[in-house]
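What follows is a short report on a single structure.
Readers should treat all values here as calculations from the given coordinates under stated rules, not as data from a laboratory. Since the structure is predicted, the reported quantities are computational estimates derived from the model, not experimental observations. Virtual Cβ from ideal backbone geometry, glycine too; neighbours counted across all protein chains shown.
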There are 2 protein chains.
Amino acid sequence: MTSPSAPPPAPIIEFIVTGDEVMRGLIADTNTAMTASRLYPLGLSLRRTTVVGDRGEDIRRALLETSVRADFCIVSGGLGPTSDDLTAACAAEAKGVRMVTHQPWIAHLHERWAKIRPGEPLPKNNLRQADVPDTAEVLGNPNGSAPAFALQIDRCLFFFLPGVPREYHALIQDLVMPRLVAATGNAVLRSRILHCYGVTESRLDELVTPIREAHPEVRFGFRTRFPENHVTLVALAADAVTAEANLARVEAMCRQILGSFVYGHDGVTFAQAMGERLAARGETVCCAESCTGGLLTQLLTEVGGSSKWTAGAFVTYSYELKTSMLGVPKELLEKQGAVSESVARLMAEGARERSGATWTLAITGIAGPGGGTADKPVGTVWLALCGPRGTVARLAKYRGDRGQVRMQSAFGALQLLREQLDHEAS
Amino acid sequence: MTSPSAPPPAPIIEFIVTGDEVMRGLIADTNTAMTASRLYPLGLSLRRTTVVGDRGEDIRRALLETSVRADFCIVSGGLGPTSDDLTAACAAEAKGVRMVTHQPWIAHLHERWAKIRPGEPLPKNNLRQADVPDTAEVLGNPNGSAPAFALQIDRCLFFFLPGVPREYHALIQDLVMPRLVAATGNAVLRSRILHCYGVTESRLDELVTPIREAHPEVRFGFRTRFPENHVTLVALAADAVTAEANLARVEAMCRQILGSFVYGHDGVTFAQAMGERLAARGETVCCAESCTGGLLTQLLTEVGGSSKWTAGAFVTYSYELKTSMLGVPKELLEKQGAVSESVARLMAEGARERSGATWTLAITGIAGPGGGTADKPVGTVWLALCGPRGTVARLAKYRGDRGQVRMQSAFGALQLLREQLDHEAS
């Protein structure tokens, strides 16, 4: 017997991931890491993740083993319409019930299809997705055709979710998390994710450790999303007023110690944060991209409403387009090479003249895997910013593969702009 | 009893990953996905990955469960010098042997330390890493201070490796793979992934089902990577000639029934496939992007070597840049709006004149979430292609969120080019 004053033991939670593609390394499972980083601060005890392929006996075995160990289990994958989607049938077999057709979902599938592909017949296979184990609670799926469902097997409540990240994330957030919060014995959860750029994970941990240790009423979680690092703060309490006050107090302390490492919170991207800051000043940005090949502009425009801060961009891979689109002299390119301070500056200045944007960002570098030399190895990148008060340039040396060098270059250019805006504001 | 002609069953292999950081979502486990993608083609049957935190009972339980299920198990993590590195001790406990100090490794640790930090004393904790379970075979570690070791527990041979990716990868490659290759006996595996665009996953399944049912010697898998769908074919046989012949026969049947839905195979992206096709013809492409804001160009340039098919791009979000960068008349924009056939055509034509590219692709549409009207709802996109023989345009109506509309628009533009090249080839 536990003593009356002891808190109830934390519920045990496990993950099961199904799919030959994950098992074979064709795709990495990113859903569980994301979910774990959200659940950990709730005080749930994450004990095990099991990954199995698309084999009925392996899925059934994993479900039955977990059913006697865990209080909750999140299962992802294998709910689609094809013959290798076995999870729902395996769940029924593990529990010893038959599959039943959920009629409301049949109607929903027909409606959904008629909207997406009016006039086309619904493939018969799709209707399979309305079959769920008897006694399952159908949870639905706002973004897809396979419904999530909950099913109790032995001592464990299983949540079966589609593995497609977009569908999975929405279901975790809206349907699963609220139930797990309730299971912790607390009524209310308030959370804040602080997005940081320019600080390593270990330094971040060092900086906030004194706050974390002094304030057990707020739980801390850390997550890397290259090249950013995120700190999650979670306040659980019996009522909303307490949870909000606790969170606000600890958040303020963290923001003070982290200073300008924090660029935003709760899902805002770095490019979006910069864009919104410019829009608030009535200003715009235009990019002149070489080695990033449109990546920075794509980051600036993937957000709705981005026409407020970006009117367009120049992607100039070749010498010829650097000359014709941006006015960089051919002789300079031939003499200094495209990856040089003067070319970066002229790209930014040329873009500003031609776009009318308040600020222009130029990126020219060697993303790899080819193209590096002893003088200018892969990862050598010149960044330049041109604005109302002139042009600044910076040499960066990034490490990593082509994708990482390109991503760091895009962030580095935005950081150049950010420092300029900070400088003007101070 | 299996018949005498049946190949021996493929050895069963599992992974165990230990570490609170993985369990809490702080870091994603990338070692197993990498390893799985190398092992699968050997014909090893990858049956399960188990991830547990740094708790002794959870590690011991995972080892003992696996010891009766698998022939081989690769265990990563928990071999370091700190107090939360429990894996070696847990391995000894699971087998029921004591820990012994491997004297040659003690000598190696002293030598290694003297080289890295000459003059400094070796921290005592570090010597813990020379302790291994009795009867273990010490495999060493060229890049670190914790030695890998092999240990038989029940029917399973376990390979214990450090989790640090650089150390892990070298050990897998040099010490573990050769032993596993030897264990596969005669079984040979050949696989092919067909990448499809323009067909739903369920329709794909319907189309290939008759082939799949008639040819059990080849295993089928399906995977969605929006907006693509992939079908994986795997042939396992006693010898390479049989596996290759079986795979080739079934692949040819699939390609015939899927026709032009198949754009490439084995990991090539849609943009890359188009780019390489152009490069082979000595041609280039340049994009004029409005609503996709650089996404199509980013897809064309994320691949190494893309300067062979793309020299750059115009991103023209605003009316002003459509006019100044591409020469679209201001009056036309005001009269017809940016999302119109004539603007799409003029964008493509203006880009071709100014870039010198063989082909230009223009995209102008409403990606959402705002900006839609009754006439032109969100998802309305005009695509245009300009090439040596003139300009073609197409109206597309896409569904989904901003990201999905943008991605479908980028693919739709590439598809326009693809159809043109197919037409010329036919």
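Quick notes on this structure:
- Every residue from region B:181-210 that is surrounded by 16 or more Cβ atoms within 10 Å (Cβ to Cβ) and among the β-branched types (Val, Ile, Thr): B:THR184, B:VAL188, B:ILE193, B:VAL199, B:THR200, B:VAL208
- Conditions (1) part of a helix (DSSP H, G or I); (2) farther than 29 Å from A:ALA348 by Cα; (3) more than 14 Å from chain B (Cβ to nearest Cβ): number failed by A:SER260: (2)
- Inclusion of A:LEU321 among residues that are free of Cβ contacts under 8 Å to residues at least 60 places away in the same chain, aliphatic (A, V, I, L, M) and surrounded by 15 or more Cβ atoms within 10 Å (Cβ to Cβ) is warranted.
- Qualifying residues in region B:399-411 (those that are crowded, with 19+ Cβ neighbours inside 10 Å and in contact (Cβ under 8 Å) with a residue 40 or more places away in the chain) - the one nearest to the other protein chains (Cβ to nearest Cβ): B:ARG406
- Residue in region A:239-259 that is surrounded by fewer than 15 Cβ atoms within 10 Å (Cβ to Cβ) and closer than 30 Å to B:VAL315 by Cβ present: no
- Those residues of region B:347-400 which are among the aliphatic types (A, V, I, L, M), under 23 Å from B:GLU424 (Cα atoms) and part of a loop (DSSP other than H, G, I, E, B), in sequence order: B:ALA357
- Residues of region B:195-225 that turn out to be in contact (Cβ under 8 Å) with a residue 40 or more places away in the chain, part of a strand (DSSP E or B) and within 11 Å of chain A (Cβ to nearest Cβ), as a count: 0
- Applying the condition of being within 9 Å of another protein chain (Cβ to nearest Cβ) and either on the phi > 0 side of the Ramachandran plot or acidic (Asp, Glu) (or both) to region A:21-70 and asking which residue is nearest to the chain's Cα centre (by Cα) yields A:ASP29.
- In region B:309-344, the residues that are closer than 20 Å to B:GLY293 by Cβ, in a helix (DSSP H, G or I) and away from chain A (no Cβ under 12 Å): B:LEU333, B:VAL343, B:ALA344
- Meets criteria (assigned to a strand (DSSP E or B) and more than 18 Å from B:SER290 (Cβ to Cβ)) for A:LEU236: yes
- Residue within region B:165-180 that is assigned to a loop (DSSP other than H, G, I, E, B) and surrounded by fewer than 20 Cβ atoms within 10 Å (Cβ to Cβ) present: no
- Residue tally, condition within 14 Å of another protein chain (Cβ to nearest Cβ) and either of a type in the set (A, V, I, L, M) or touching a Lys or Arg at 6+ places or on another chain (Cβ under 7 Å) (or both), over region A:103-162: 10
- None of A:ALA313, A:ALA351 is buried (at least 24 other Cβ atoms within 10 Å of the Cβ) and over 15 Å from B:ALA311 (Cα atoms) except A:ALA351.
- Taken over region A:68-92, the criterion of being of a type outside the set (A, V, I, L, M, F, W, C) and surrounded by 19 or more Cβ atoms within 10 Å (Cβ to Cβ) is satisfied by A:SER76, A:GLY77, A:GLY78, A:GLY80, A:PRO81, A:THR82, A:ASP84, A:ASP85, A:THR87.
- A:ALA235 vs. criteria on the phi < 0 side of the Ramachandran plot, away from chain B (no Cβ under 14 Å) and free of Cβ contacts under 8 Å to residues at least 40 places away in the same chain: no
- Pick from region A:263-302, criterion without any contact (Cβ under 8 Å) to a residue 60 or more places away in the chain, assigned to a helix (DSSP H, G or I) and under 30 Å from B:GLY305 (Cβ atoms), ranking: farthest from the other protein chains (Cβ to nearest Cβ): A:LEU300
- Region A:32-67, residues that are part of a loop (DSSP other than H, G, I, E, B), surrounded by fewer than 20 Cβ atoms within 10 Å (Cβ to Cβ) and either acidic (Asp, Glu) or touching a residue at least 40 places away in the same chain (Cβ under 8 Å) (or both): A:GLY43
- If you go through region A:68-121 and pick out every residue that is in a loop (DSSP other than H, G, I, E, B) and closer than 20 Å to B:THR224 by Cβ, you end up with 12.
- Per the listing B:THR373, B:THR360, the residue uniquely more than 14 Å from chain A (Cβ to nearest Cβ) and among the β-branched types (Val, Ile, Thr) is B:THR373.
- Among the residues of this structure, A:LEU383 does not count as one that is within 12 Å of chain B (Cβ to nearest Cβ) and among the hydrophobic types (A, V, I, L, M, F, W, C).
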